Amino acid sequence: MIKLVNGIPEKFTEMDEQVKFFEQMNEDVGPIMMINKFNVIPEQADEFLKAFAATAEFMKKQPGYISAQLHRGIAGSCTFINIEVWESADHFKRTVTSPGFQSSIVDLPSSTIMSPHLFKKVAVPGICVD
């Protein structure tokens with residue numbers, strides 16, 4: 001089980017030191033993607049997947065949730081990347097600050113280090129659409 005300190009996982013690291021994750025949730029923007037990198041020790045990978053599934057079940061029932069996809073590093077890696085799509089940053093914020101979400105993440109293994117960040121699609125002419 002992970003330990004929460006003021007509702008924040010004890011092993012939480014910012015993906016961008018210039019823009020904090022919790023600041024991002026106050027932006028009035030949507031749709032957004034939440035990308036969260038998780039690292040766990042190999043002995044706790046199965047426990048992580050079980051806890052992730054339970055949290056994902058909670059998330060997909062929340063207003064504004066669109067989709068999620070979990071990825072795992074190859075060659076024995078225990079780095080996981082979760083990509084979620086939400087209608088807005090506000091929908092995401094309401095979900096992750098709810099008691100239901102807080103109680104769901106405590107079952108993540110103690111070795112879990114998470115690094116979430118919010119993103120918006122960027123148009124690159126000839127390559128990516130907005």
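None of the figures in this text is laboratory data; all of them are computed from the coordinates on show. Please read these numbers as outputs of a predicted model, since none were measured by experiment. Positions of Cβ are backbone-derived with ideal geometry, glycine not excepted, and every protein chain shown enters the neighbour counts.
Given contacts defined as C-alpha pairs under 8 Å and at least six residues apart, what's the relative contact order of the chain, whole-number percent?
Reported relative contact order: 42 percent.
Along Cα→Cβ, 7 Å out, is where each label goes; now give me the distance between the ones at Ile81 and Val122 in nm to one decimal.
Result: 1.5 nm between the two label points.
Please quote Rg/Rh for the chain to two decimal places, taking the Kirkwood radius as Rh and restricting both calculations to Cα atoms.
0.96
How would the stretch 65-128 be classified by its alpha-carbon gyration tensor: rounded, prolate or oblate, with rounded meaning a/c under 1.5 and the a/b versus b/c comparison settling the rest?
oblate
Working out 0.36 nm times the residue gap between Thr13 and Val106, then minus their Cα-Cα distance, what length gain in nm do you get to one decimal?
31.8 nm
Using alpha carbons only, how many degrees (0 to 90, rounded to 10) separate the axis of helix 45-59 from the longest principal axis of the chain?
50 degrees
Return the sequence-ordered ³J(HN,Hα) values of the stretch 77-89 in whole Hz as given by the Karplus equation 6.51 cos²θ - 1.76 cosθ + 1.60 applied to θ = phi - 60°, using x for Gly and Pro.
The phi angles translate into 5, 10, 9, 10, 10, 9, 10, 10, 10, 10, 4, 7, 5 Hz.
Tell me, what HN-Hα J-couplings in whole Hz come from the Karplus equation 6.51 cos²θ - 1.76 cosθ + 1.60 at θ = phi - 60° for each residue of the stretch 99-115, using x for Gly and Pro?
Each residue's phi maps through the Karplus curve to give x, x, 5, 4, 6, 6, 7, 5, 7, 4, x, 4, 7, 5, 10, 10, 9 Hz.
Within 10 Å, at most 15 other Cβ atoms, and a DSSP state outside H, G, I, E, B define an exposed site. Report the longest part of the chain free of exposed trypsin sites (Lys or Arg not before Pro).
62-119
Would you mind checking which residues have amide H under 5 Å from Ser88's amide H? H placed 1.01 Å from N; only 5 or more apart, or other chain.
Under 5 Å from the amide H of Ser88 lie the amide H atoms of Ile32, each far enough along the sequence or on another chain.
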